[in-house]
Amino acid sequence: MKHIRTIAFLMMVGTGTWVNAQTQEIHYSWPNAVCASMLNCLDGCSACNVPDQVQSGFFGTNVAWLGVDVCPYPLSVGNNAVFTSGWTLEPQIDKRVIVSGIGTTTLRIDSIIIRHASYSGPTRLRVRWTNDMAAPLVDLADVTITYDLGETVLTDVGVIQLPPGMAYATFQLELTPYDGDVTGSWVLDDIRVVASPVSGGAVGIVERGPVAVQRGGTLYDVLGRPVQTEWNAPGVYTRGGVRTVVVR
């Protein structure tokens, strides 16, 4: 893998083309700006709850804050962080943060960057995701939350693909702080989801039955069992130097 990446880098240098010119990004920073979805609280300030930039091919929706108290506070001029409270010692399905995104093409999710901290609050963060909002979430990471703002960086997350007959692909990210002092706050300052095109597009291969290959004139299936040569199951065969593909 390292060798392949080195070759790709040299090719980019030779052609003067950089991969980051093709990347797309969904960025949440909750600025002091008026937008269609706002976060408000009595003793804090107002913040925009949608991504900073809207791109035509890769974009996010408003963040869902489920079962917890939410209040944005400024860390510096124009830069807010969202303080959340009401978390529990163990992850609960009714207490979580949901980030959803949409892509109009097949994309590789290269990285997810979460800038966050604990303000005398939860000490761990469970991260789950799905590359199809119609499918269940799966565990992605479980990390320690520091008491100073720091970044959790998740790389090579996966690929989102257009389902058959659909015009867009989807993903969903779930963040659940837990453990530690449940009376304190989890502070979320920034989320970035970085994606890039999948070269040539992703190819879905549907398993259609046992696949046989030839070894020394005898056909074997994928479990190493010998099969009769007249058994024309779906697969790839070589006989007399002629390569034959059987599809059913």
Across region 172-188, in residue order, what do the Karplus-derived ³J(HN,Hα) couplings come to in whole Hz, using 6.51 cos²θ - 1.76 cosθ + 1.60 with θ = phi - 60° and x for Gly and Pro? 9, 10, 10, 10, 9, x, 6, 6, x, 8, 6, 8, x, 10, 9, 10, 10
With the full set of protein chains in place, find how many percent of the accessible area of region 118-181 is carbon and sulfur; take the probe as 1.4 Å. 51 percent
Accessible area of residue 48, 1.4 Å probe, to the nearest 10 Å²? 10 Å²
Counting only protein chains, not ligands or nucleic acids, how are 37, 76 ordered by accessible area (probe 1.4 Å), most first? 76, 37
Got a number for the accessible area of residue 137? Probe 1.4 Å, square angstrom, nearest 10. 40 Å²
For the pair residue 79 and residue 149, the simple spin-label estimate (label points 7 Å beyond Cα toward Cβ) gives in nm 0.5 nm
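The values are calculated or read from the model by the stated rules, or taken from the named source; none is laboratory data. Because the structure is a prediction, the values reported are computed rather than measured. For neighbour counting, all protein chains shown are included, and Cβ atoms are generated from backbone atoms with ideal geometry for every residue, glycine included. Just the protein is used for accessible areas: all its heavy atoms, side chains included, with ligands, DNA and RNA removed. Shrake-Rupley method; radii C 1.70, N 1.55, O 1.52, S 1.80 Å.
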